[in-house]
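Below is one structure, written out as structure tokens; the observations come after it.
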Amino acid sequence: MANLGFVGLGTMGGQMVARLLSKGHTVTGYNRTRSKAEWLIEKGMRWASAPREVASASDITFAMVTNSAALTAIAEGPDGLLAGLTAGKVFVDISTCAPAVTRALAERVRQKGSDMLDAPVSGSVVTLQQGKLSVMVGGRAETFARVKPVLEDIGPKVTHVGDNGLALAMKIALNLQLAVQMLAFSEGVLLAEKSGINRETAVDVMVHSAIASPMVQYRGPFVLQQPDEAWFDVNMMQKDMLLAMELGRQLDVPLPTTAVSNEFLTAARGMGMAKKDFACVFDVLARMSGIAE
């Protein structure tokens, strides 16, 4: 069993820690708001007062934070992760950030005698709890081999895709499709509904049809009722869409459906839905279609 650390105990990060604890690992954790971590402390997680303390206490430290700015915030300064890293340790970032930010941070980690992997995941809280999460990993092959058994305790499908930053490029390429699929699904449901088909019936047919990707199957029903707590809110989804469009600009890859879907996320924010699950693009399109929610 491994001696692990984890910084960022939000919805997904917290569930990952719970899973790692259930596999018998020792976990030292930190979150900006301690109250969100109490349930994990009750399960046996050791509490740390700062990211530096987590890195000092652990052989492998994971982080899952909101964006590039948040990653920089937990890494820098006298209480940051970098200050706690020493030779032989590994830092694994699960956050979805700009590939260039991760590559720059990996160089600084290596200056400490440690190593870094980027390891974003594909899936939701439900797929994590079901043990169906997939993990993409960027970084040195020998470090990947060392950390792979622990990553397999988070999700069974673990794939090394190349050097630092490439797992993030892969994650961005995946995530742009979530909003695009959700918008297309919403168009289909509303077209059926305004034709005279009951919305519940249309959703039921679609989530059991050839177009039903895993994402459509678990998020499609959100057009009937949003979850009490967003699985992936509009702000988080738009952050990934903007990362995708910036990467597309850098690589000369046009992303037309990404750009259109991103505008619906902007509209959702304008309508006060920033903290709702991004499936609320359906509500935006419904209003445009003359359907009052």
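The values are calculated or read from the model by the stated rules, or taken from the named source; none is laboratory data. Nothing here was measured: the structure is a model prediction, and the numbers come from that model. Neighbour counts run over all protein chains shown; Cβ positions are idealised from the backbone, glycine included. Only protein heavy atoms, including side chains, enter the accessible area calculation; ligands, DNA and RNA are left aside. Shrake-Rupley method; radii C 1.70, N 1.55, O 1.52, S 1.80 Å.
Yes or no: THR266 in contact with a helix residue (DSSP H, G or I) (Cβ under 8 Å, 6 or more places away or on another chain), on the phi < 0 side of the Ramachandran plot, open to solvent by 70 Å² or more (accessible area, probe 1.4 Å) and in a helix (DSSP H, G or I)? Criteria not met by THR266. Return the pair list, or none, for Cβ contacts closer than 9 Å from residues in the range 28-42 that are open to solvent by 70 Å² or more (accessible area, probe 1.4 Å) to residues that are in a strand (DSSP E or B), at least 6 apart or on different chains. The qualifying pairs are ARG34/TRP47.
Each residue in the range 1-11 was checked for being closer than 18 Å to PRO120 by Cβ and surrounded by fewer than 21 Cβ atoms within 10 Å (Cβ to Cβ), and 2 pass. The one condition from (1) without any contact (Cβ under 8 Å) to a residue 24 or more places away in the chain; (2) assigned to a strand (DSSP E or B) that THR61 does not meet is (1). Every condition in (1) within 30 Å of ARG287 (Cβ to Cβ); (2) open to solvent by 30 Å² or more (accessible area, probe 1.4 Å); (3) outside any helix (DSSP H, G or I) is met by THR159 except one, and the failing one is (1). Annotation note: Cβ proximity below 6 Å between a residue of the range 264-293 that is farther than 10 Å from MET237 by Cβ and among the β-branched types (Val, Ile, Thr) and a residue that is part of a helix (DSSP H, G or I) and open to solvent by less than 60 Å² (accessible area, probe 1.4 Å) (sequence gap 6+ or interchain) occurs for VAL284/PHE264; VAL284/ALA267; VAL284/ALA268. Provide a single number: the residues in the range 133-149 that are in a strand (DSSP E or B) and of a type in the set (Asp, Glu). Count: 0.
What about THR201, is it farther than 24 Å from LEU117 by Cβ and β-branched (Val, Ile, Thr)? Step through it out loud before you land on a result.
Working: farther than 24 Å from LEU117 by Cβ: yes; β-branched (Val, Ile, Thr): yes.
Considered against the rule, which asks whether it is farther than 24 Å from LEU117 by Cβ and β-branched (Val, Ile, Thr), THR201 comes out as yes.
If you go through the range 91-108 and pick out every residue that is β-branched (Val, Ile, Thr) and surrounded by fewer than 22 Cβ atoms within 10 Å (Cβ to Cβ), you end up with 1. Cβ-Cβ contacts under 8 Å between residues 6 or more apart (or on different chains), taken from a first residue in the range 87-116 that is under 12 Å from LEU168 (Cα atoms) to a second residue that is of a type in the set (Ser, Thr, Tyr) and in a loop (DSSP other than H, G, I, E, B), are listed as SER95/THR66.
VAL234: at pLDDT 95 or above and in contact with a strand residue (DSSP E or B) (Cβ under 9 Å, 6 or more places away or on another chain), yes or no? Yes: the conditions hold for VAL234. Of the residues making up the range 117-132, those that are in a loop (DSSP other than H, G, I, E, B) and surrounded by fewer than 19 Cβ atoms within 10 Å (Cβ to Cβ) number 3.
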